Amino acid sequence: MIAYILKRLLYAVPIALSVTVISFVLVFLAPGDPLNAIAPADAPEEVITALKSAYGLDKPVPVQYGLWLWRALQGDLGTSIASGRAVAGEVMSAVGNTFLLAGLAAGVGVTLGCILGALAGYRSGGWIDRFASTLSVIGVSIPHYWLGLVLTIVFSIWLGWFPAMGAGPGGSEAWEWNWEHFRYLILPALTMAVIPLGIITRTVRALVADMLEQEFVVALRARGLSGRAVFQHIAKNTAPTVLAVAGLQIGYLMGGSILVETVFAWPGTGFLLNTAIFQRDIPLLQGTLLVLCLIFVVLNLLVDILQPLIDPRMGR
Amino acid sequence: MKTYMELAPSAALTEEPPAAPPSRGYWGVVWQQLRRDPMAIAAGSVLLLIVIAAVFAPLLAPADPYKTSMIKRLLPVGSEGFLLGTDELGRDMISRLMYGGRISLLMGVVPVFAAFGIGTFIGILAGYVGGKVNMVIMRVLDVFYAFPSVLLAVAISGALGPGLSNSLLALTLVFVPQVVRVAESVTTQVRQLDYIEAARMSGASAFSIIRVHVLGNVLGPVFVYATGLLSVSMILASGLSFLGLGVKPPEPEWGLMLNTLRSAIYMNPWVAALPGVLIFLTSIAFNLLADSVRSAMDIRR
């Protein structure tokens, strides 16, 4: 087991390194000089040279990457061109907000998906099953940015229950744990929850329906075990797969939060990406990409390590 | 279109010369299976309607999709002369939705087709050659798996800059690694089968083995996988436009329309939500069709 964990950890190292390379190099795909965003087109030669050396752009790209990585390892992701603030600080507070959103969405989606999927699997062919499969098809087919707009129309314009935009009263971006702030989280999180809901429902339904037909479950029943005890066995055997799917979903939600964050003007990483892309703020784009991808790599790693640990077929 | 009666016997008995590739009969059975599936027919009809409306937009659209009118802004659904109302610049919604389907469908379908071609090629190459080549290709692709797909699409098209061709490129790059994985795993399995070994022994070139034996096995699973991607691609493509990374205004495109109409949700929510209805319909139809194709193609396995 320990050998497996070590091997998996070692395997994550080259992946993480490649992620840093891509996050850094991607911006050089763009045609044109990255300086265009900072310097006016008619800037004199000396100003351009000074700016180039200030941002380190006068060195060859591999050297720039090396310097960037070295500083990144020490927690310094450079300075945002748009705001003039440290990228690391901006990304960290945005990641917090995005995690709040993605975490709640995944929590709601996974919980509901497990309940619905289990019910559908137990009563496969019944009305709950048909309802669940309809819901999961809708969940994976709906453009969630549109669902966000529809929820805004219904719940904030017509009913007035929840605010349509922002992350707190008075446009504040700092999160606090109270109802006044939580109200802002509900609509975007519900919008996002649809994606894991559809996928988890589908997964759990298939697993449970499949398992009910397996010999060991039939044998448990034949031995006279109650429904509850059989359910415990099924839950234990379903858990590893659900954990794997749910873990990846949190990663996908965090990486894909840009669409929902744009709809609800949520001040998270998606908002930063938006700013970075449209203002061609290169350090901000590189830093946000790097942090989001590293989170995804770590989540993958955790899933791979935890999954065998809770699998009842392992270690007996 | 062939009728059911024509399809059944002809594939096996009458038309087919004995040396014809066996795949034709297989696809015939799949087609027949699909025609009996009510869900496939429903989804297919919805898609057909949307495609017809988009392709023949110049003939069918009641108005010019670019013609603005300051006094006719944001008319509600069902207004006289404007069946689905008008947008924030007074342009006819139904015409814009029809024309919008052209770019939206293109943006959704082209990356999947491109990834299908490129991914199958790379996947078969990696799987058939095997060894170090396989390892290098697959490890490089692992890196793409370290990016959540929405983030990868946004990052690439954001780095390249907004525009139709850049978003097509970005989406293709997102799908290629996934198709490669499917193609590679099937090829690796097939490569070790006895009849391919026999073909190699009897002096068949690698090219002809791949063309005759490998491709026939790989295309099915990859095709099923690619049909499943269509729905994802529609949502992602319109999502990129929604963010402003796809086509530029005043071009009609569903995602972009959804974005520019956002300011109208207070005045005229129904009109503002319309483009999303079409993205949703297309994507759900693609999904249901993909499910049907998947179960229709399982018949031989």
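Observations, loosely collected:
- Cα lying deepest toward the dipole's positive end in the protein assembly as shown, options A:Leu100, A:Leu9, A:Ala72, charges on Cβ: A:Leu9
- Among B:Thr187, B:Thr227, B:Thr68, residue whose mean-square fluctuation peaks in a GNM of chain B (springs only between Cα atoms under 10 Å): B:Thr68
- Put simply, the amide H of A:Thr79, placed in the peptide plane, has neighbours under 5 Å in A:Val87, leaving out anything fewer than 5 places away on its chain.
- Here chain A is assigned +1 on the Cβ of each Lys and Arg and -1 on the Cβ of each Asp and Glu. Its dipole about the Cα centre then comes out at about 1460 debye.
- Filtered chymotrypsin sites (Phe, Trp or Tyr not before Pro), region B:230-281: DSSP coil and at most 13 other beta carbons within 10 Å: B:Tyr266
- Averaged over peptide A:262-274, the number of partner chain Cβ atoms lying within 10 Å of each residue's Cβ comes to 2.
- Placing unit charges on the Cβ atoms only, positive for Lys and Arg and negative for Asp and Glu, gives chain B a dipole magnitude near 280 debye about its Cα centre.
- Shape category assigned to chain A from the gyration tensor of Cα positions, a/c cut at 1.5: oblate
- Among A:Tyr55, A:Tyr122, A:Tyr145: highest mean-square fluctuation, GNM of chain A, C-alpha pairs under 10 Å: A:Tyr55
- Within straight-line reach of B:Lys248, meaning a Cα separation under 19 Å, sit the following lysines at least 8 residues removed in sequence or on another chain: B:Lys67.
- For the protein assembly as shown: rounded, prolate or oblate by the Cα gyration tensor [a/c cutoff 1.5]: rounded
- Rounded if a/c under 1.5, otherwise prolate or oblate - region A:91-266, Cα gyration tensor axes: prolate
- Residue by residue along B:140-149, Cβ atoms of other protein chains within 10 Å of the local Cβ number 6 on average.
- Counting beta carbons within 10 Å around each of B:Ile156, A:Ile305, B:Ile235, B:Ile196 and listing the fewest first gives the order A:Ile305, B:Ile196, B:Ile156, B:Ile235.
- Rel. contact order, % - alpha carbon contacts under 8 angstrom, at least six apart, chain B: 24 percent
- Note on region A:49-116 and region B:25-103: Cα centroid distance 41 Å, given to the nearest whole angstrom.
- Per residue, the average separation of C-alpha pairs within less than 8 Å and at least 6 apart gives region A:91-266 a relative contact order of 37 percent.
- When each of the peptides A:100-113, A:224-237 is scored by the mean number of other C-beta atoms lying within 10 Å of its residues, the order from highest to lowest reads A:100-113, A:224-237.
- Only Lys, Arg (+1) and Asp, Glu (-1) charged, at Cβ; region A:91-266 dipole about Cα centre in debye: 640 debye
- Taking the number of Cβ atoms within 10 Å of each Cβ as an exposure proxy, the fewest-first ranking of B:Ser69, B:Ser283, A:Ser257, B:Ser238 is B:Ser69, B:Ser283, A:Ser257, B:Ser238.
- If the chain linking A:Phe216 and A:Arg183 were pulled fully straight, counting 0.36 nm for each residue of separation and taking away their Cα-Cα distance, it would gain 7.2 nm.
- Shielding of B:258-264 by partner chains, average beta-carbon count, 10 Å: 2
- Shown in residue order for region A:4-16 are the 3J(HN,Hα) couplings computed by the Karplus curve 6.51 cos²θ - 1.76 cosθ + 1.60 at θ = phi - 60°: 4, 4, 4, 4, 5, 5, 5, 5, 6, 5, x, 4, 4 Hz (x for Gly and Pro).
- Note: relative contact order over chain A, using C-alpha pairs below 8 Å and six or more positions apart, is 27 percent.
- Extension gain, A:Ser83-A:Ala265: 0.36 nm per intervening residue step, less the Cα-Cα distance, totals 63.7 nm.
- Charge-dipole axis of region B:175-301 as Lys and Arg at +1 and Asp and Glu at -1 on Cβ define it, positive-most pick from B:Ala226, B:Phe242, B:Met201: B:Met201
- Each of A:Ile81, A:Gln214, A:Ser257 was placed along the dipole of chain A (beta-carbon charges, centred on the mean Cα), and the one lying farthest toward the positive end is A:Gln214.
- Region B:148-211-region B:219-294 distance, computed between alpha-carbon centres (Å): 24 Å
FYI, it's all coordinate maths here, none of it is from the lab. Remember, predicted model here, so these are calculated numbers, not experimental data. Cβ sites come from the backbone with ideal geometry, for glycine too, and all protein chains shown count toward neighbours.
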